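Here is the structure we will look at.
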Amino acid sequence: MAAHSAHVIVAGGGPVGLLAALGLARRGIRVTVVERETELNDSPRAAVYHWCVIEVLEALGVREDAEAEGVVVRGNTFHRPSTGESVQISQRAIEGVVPFPYNLNLGQDRLGRICLEHLERLPNATVLRGVGVTDVRQDADTVTAVLADGSELAGDWLVGADGGRSTVRKALGLDFPGMTWGDRFVATNIRFDFEAYGYGRANMVMDEELGCIVALLDREGLWRVTFAESDDLPEGGLPERIDAFLQRLLPGDEKRYELVQYSPYHMHQRAAERFRVGRVLLAGDAAHLTNPTGAMGLTTGVFDVELLVDRLAAVIAGDASPDALDDYAERRRAAFLENASPTAIRFKHLVYDGVKADIDEAFEQYLRVEADPVASREFFLGVESLREPEFRSAS
């Protein structure tokens, strides 16, 4: 591992920021992560890692630890409670085609903890918690992060991975065009034995009234159920509305469940006007926001990391000109706008908007895919369109 004198500041200690820091530090680059929260955020958030994302986790050295804590998923299941229809598309179709022919369900806080443990082993990585970035200044040669405690941190490059409300993006004066949905997503973590009623480990419930995502999060029987409601409803009555929804959704006569956590949040489709300004690069939610249906946001963020680490490390090593960072910015913005966002919108429509004709058509399609190994393979390989071509393991 060659050492470099360059210093990269990473603003944001979520999965994207920590993975970026880990990738750069493993290249011998000095990295400092700055995170305003003192503890990892354990509220319910996106938790699905597609098979091709697992390849990035492998390259960064955290796959085995992630799989030891998460749940391996070998297929996608689609349910329609109003008709009793159910379709399961198996990932056996991509066995022998890709290195890791399965998905992984894992809470983001758990992945964050794993990344922190790996960063702690690297002498060139530092993590500062409890102090966020409040401003960014830069000139031709350096970039400076102004921190909430009044101190300043100087570096050669800065990665803004500080979430949808990114202070870094705002400090750069970048617009964040797009739209906000009129729905409120409600992510719940509950304990209930879904598998006893024919549910797989990753489920899309496409139904005129009961659309939601149902996914197993750990080996102790914790499940994520995410549904949508009108943004006009007061958050004060949310626990009662969660119970009303679950009483209608849960199969069987005994609808006893344990509500462990819940988190309401707004949904957006937005992308920063640029992903690079001088010595500052944006990645993950700081660069783009999407509704989480289908895990397109998290997936795109990890693929941001893959290209960012490759390009920035090459620039620092003198193997590429800074123009390579414009290439990163342009390609990842296009990947989001042309692939990730449209795909997430389509899945949101099918799961949460309850349009009967479209659900009918989707189930007909999934039945055909289920019966056709070639179609099943293409179904799972499609998500790799969010990834840059030079990293793809399958075509």
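Points worth noting:
- Residues satisfying the stated conditions in the stretch 148-184, i.e. in a loop (DSSP other than H, G, I, E, B) and among the hydroxyl-bearing types (Ser, Thr, Tyr): Ser151, Ser166
- Looking across Asp327, Asp231, Asp253, one residue alone is touching a Lys or Arg at 6+ places or on another chain (Cβ under 9 Å) and either over 30 Å from Leu57 (Cβ atoms) or surrounded by 24 or more Cβ atoms within 10 Å (Cβ to Cβ) (or both). It is Asp231.
- Residue match in the stretch 24-45 (condition: surrounded by 21 or more Cβ atoms within 10 Å (Cβ to Cβ), over 30 Å from Gly155 (Cα atoms) and hydroxyl-bearing (Ser, Thr, Tyr)): no
- With respect to being among the hydrophobic types (A, V, I, L, M, F, W, C), in contact with a Lys or Arg (Cβ under 9 Å, 6 or more places away or on another chain) and in a strand (DSSP E or B), Ala187 fits the description.
- Answer residue from the stretch 129-147, given it is over 27 Å from the mean Cα position of the chain (by Cα) and part of a loop (DSSP other than H, G, I, E, B) and is surrounded by the most Cβ atoms within 10 Å (Cβ to Cβ) among those: Thr142
- Pairing each residue of the stretch 331-360 that is touching a residue at least 12 places away in the same chain (Cβ under 8 Å) with any residue that is among the hydrophobic types (A, V, I, L, M, F, W, C) and in a helix (DSSP H, G or I), provided the two are 6+ apart or on different chains, yields C-beta distances under 6 Å for Ala335/Leu386; Asn339/Leu386; Ala340/Met296; Ala340/Leu386; Thr343/Met296; Ala344/Met296; Leu350/Ala362.
- Checking each residue in the stretch 46-88 for being buried (at least 19 other Cβ atoms within 10 Å of the Cβ) and of a type in the set (Ser, Thr, Tyr) picks out Tyr49, Thr77.
- If you filter the stretch 320-348 down to residues that are over 19 Å from the mean Cα position of the chain (by Cα) and assigned to a helix (DSSP H, G or I), you find that the one that is nearest to Ala295 (Cα to Cα) is Glu330.
- If you go through the stretch 269-302 and keep only what is in a strand (DSSP E or B) and surrounded by 19 or more Cβ atoms within 10 Å (Cβ to Cβ), you end up with Gln269, Ala271, Arg276, Val277, Val280, Leu281, Leu282, His288, Leu289.
- Gly278 meets the stated requirement of being at positive phi and at pLDDT 95 or above.
- Scope the stretch 224-263; condition more than 25 Å from the chain's Cα centre (by Cα) and of a type in the set (Gly, Ala, Ser); matching residues: Gly236, Gly237, Ala244, Gly252
To keep it simple, each residue is scored yes or no on (1) assigned to a loop (DSSP other than H, G, I, E, B); (2) more than 22 Å from Gly84 (Cβ to Cβ); (3) modelled with pLDDT under 90; (4) of a type outside the set (A, V, I, L, M, F, W, C).
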residue: Ala196; (1), (2), (3), (4): no, no, no, no
residue: Glu208; (1), (2), (3), (4): yes, no, no, yes
residue: Ala228; (1), (2), (3), (4): no, yes, no, no
residue: Leu233; (1), (2), (3), (4): yes, yes, no, no
residue: Glu254; (1), (2), (3), (4): yes, no, yes, yes
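- Qualifying positions in the stretch 124-163 - modelled with pLDDT under 95 and touching a strand residue (DSSP E or B) at 6+ places or on another chain (Cβ under 8 Å): Arg129, Gly130, Val131, Gly132, Ala148
- Residues in the stretch 81-120 that are assigned to a loop (DSSP other than H, G, I, E, B) and under 25 Å from the mean Cα position of the chain (by Cα) were compared, and the one that is farthest from Trp223 (Cα to Cα) is Val97.
- Matching option when the condition is in contact (Cβ under 8 Å) with a residue 24 or more places away in the chain and not β-branched (Val, Ile, Thr), among Glu55, Glu95: Glu55
- Pairs are defined by a Cβ separation below 6 Å, a sequence spacing of at least 6 or placement on different chains, a first member in the stretch 10-28 that is at positive phi and touching a residue at least 24 places away in the same chain (Cβ under 8 Å), and a second member that is among the hydrophobic types (A, V, I, L, M, F, W, C) and buried (at least 24 other Cβ atoms within 10 Å of the Cβ); the pairs so defined are Gly12/Ala161.
- Selection over the stretch 368-395 of residues that are part of a loop (DSSP other than H, G, I, E, B), within 19 Å of Ala335 (Cα to Cα) and not hydroxyl-bearing (Ser, Thr, Tyr) gives a count of 4.
- Top-ranked residue of the stretch 173-187 - restricted to ones that are among the hydrophobic types (A, V, I, L, M, F, W, C) and surrounded by fewer than 20 Cβ atoms within 10 Å (Cβ to Cβ), ranked as farthest from Leu147 (Cα to Cα): Trp181
- Residue within the stretch 325-339 that is under 22 Å from Thr142 (Cα atoms), aromatic (Phe, Trp, Tyr), in contact with a helix residue (DSSP H, G or I) (Cβ under 6 Å, 6 or more places away or on another chain) and modelled with pLDDT of 95 or more present: yes
- Extreme residue, nearest to Gly70 (Cα to Cα), among residues of the stretch 224-243 that are of a type in the set (A, V, I, L, M, F, W, C) and out of contact with any helix residue (DSSP H, G or I) (no Cβ under 6 Å at 6 or more places or on another chain): Val225
The values are calculated or read from the model by the stated rules, or taken from the named source; none is laboratory data. For clarity, every value in this text was computed on a predicted model and none was experimentally measured. Every residue, glycine among them, receives a Cβ derived from its backbone with ideal geometry; neighbour counts consider all protein chains shown.
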